[in-house]
Amino acid sequence: VQLQASGGGLVQAGDSLRLSCAASGIAFRLNAVGWYRQAPGKQRELVGIIGRAGSTIYDDSVKGRFTISRDNAKNSVYLQMNSLKPEDTAVYYCNTGAQNWGTGPYWGQGTQVTVSS
């Protein structure tokens with residue numbers, strides 16, 4: 001199983017970014033897929049999850065600004081991030097392997113998002 005996260009970059013506060021996570025060796029449509037982030041000096045935290053059935057949950061800090069979606073044909077999951085804030089600066093990771101819901105054993109390599117004020 002390999003997960004490839006991409007789409008990070010340096011943006012200004014208020015801008016938008018879309019992160020992508022492409023998978024090989026596993027079908028996203030049969031698993032929950034989560035996005036997590038880790039800021040310098042902090043623990044990795046959950047951003048949001050899209051469950052196998054397509055329902056989503058988000059951390060309160062991103063609710064209303066971030067949206068997770070899935071393209072089964074491309075076996076990819078996306079994190080649309082709008083109204084970015086400096087506190088969103090982190091390395092973002094995708095995760096999968098948990099059927100239906102939760103955190104699985106497979107992680108992508110991470111993509112850096114930096115939001116300047």
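The values are calculated or read from the model by the stated rules, or taken from the named source; none is laboratory data. Being a predicted model, the structure only gives us computed values, none of them experimental. Note that each Cβ is placed from the backbone with ideal geometry, even for glycine, and that neighbours are counted across all protein chains shown. To get the accessible areas, we keep the full protein, side chains included, count just its heavy atoms, and leave off ligands, DNA and RNA. Shrake-Rupley method; radii C 1.70, N 1.55, O 1.52, S 1.80 Å.
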**Fill in**
The condition of being open to solvent by 50 Å² or more (accessible area, probe 1.4 Å), of a type outside the set (Asp, Glu) and farther than 22 Å from residue 24 by Cβ holds, among 67, 103, only for 67
**Request:** Restricting attention to segment 63-76, report how many residues are in contact with a Ser or Thr (Cβ under 8 Å, 6 or more places away or on another chain) and assigned to a loop (DSSP other than H, G, I, E, B).
**Result:** 2
**Asked** Are any of the residues in segment 27-37 in contact with a Leu (Cβ under 7 Å, 6 or more places away or on another chain), part of a loop (DSSP other than H, G, I, E, B) and at pLDDT 95 or above?
**Response** no
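A quick yes/no check of all residues on (1) of a type in the set (Ser, Thr, Tyr); (2) in contact with a helix residue (DSSP H, G or I) (Cβ under 9 Å, 6 or more places away or on another chain); (3) in a loop (DSSP other than H, G, I, E, B); (4) open to solvent by 20 Å² or more (accessible area, probe 1.4 Å):
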{"site": "21", "(1), (2), (3), (4)": "no, yes, no, no"}
{"site": "40", "(1), (2), (3), (4)": "no, no, yes, yes"}
{"site": "48", "(1), (2), (3), (4)": "no, no, no, no"}
{"site": "95", "(1), (2), (3), (4)": "no, no, no, no"}
{"site": "99", "(1), (2), (3), (4)": "no, yes, yes, yes"}
**Request:** Would you point out which residue out of 48, 14 is under 25 Å from residue 117 (Cα atoms), of a type outside the set (S, T, N, Q) and in contact (Cβ under 8 Å) with a residue 60 or more places away in the chain?
**Result:** 14
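Considering only residues that are surrounded by fewer than 20 Cβ atoms within 10 Å (Cβ to Cβ), among the aliphatic types (A, V, I, L, M) and in contact with a strand residue (DSSP E or B) (Cβ under 7 Å, 6 or more places away or on another chain), which ones fall in segment 23-37?
Matches in segment 23-37: 26 only.
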**Item:** Meets criteria (closer than 16 Å to residue 111 by Cβ, of a type in the set (Asp, Glu) and in a loop (DSSP other than H, G, I, E, B)) for residue 60
**Value:** no
**Request:** Select from segment 1-19 the residues that are under 15 Å from residue 104 (Cα atoms) and open to solvent by 30 Å² or more (accessible area, probe 1.4 Å) and list them in ascending order.
**Result:** 1, 2
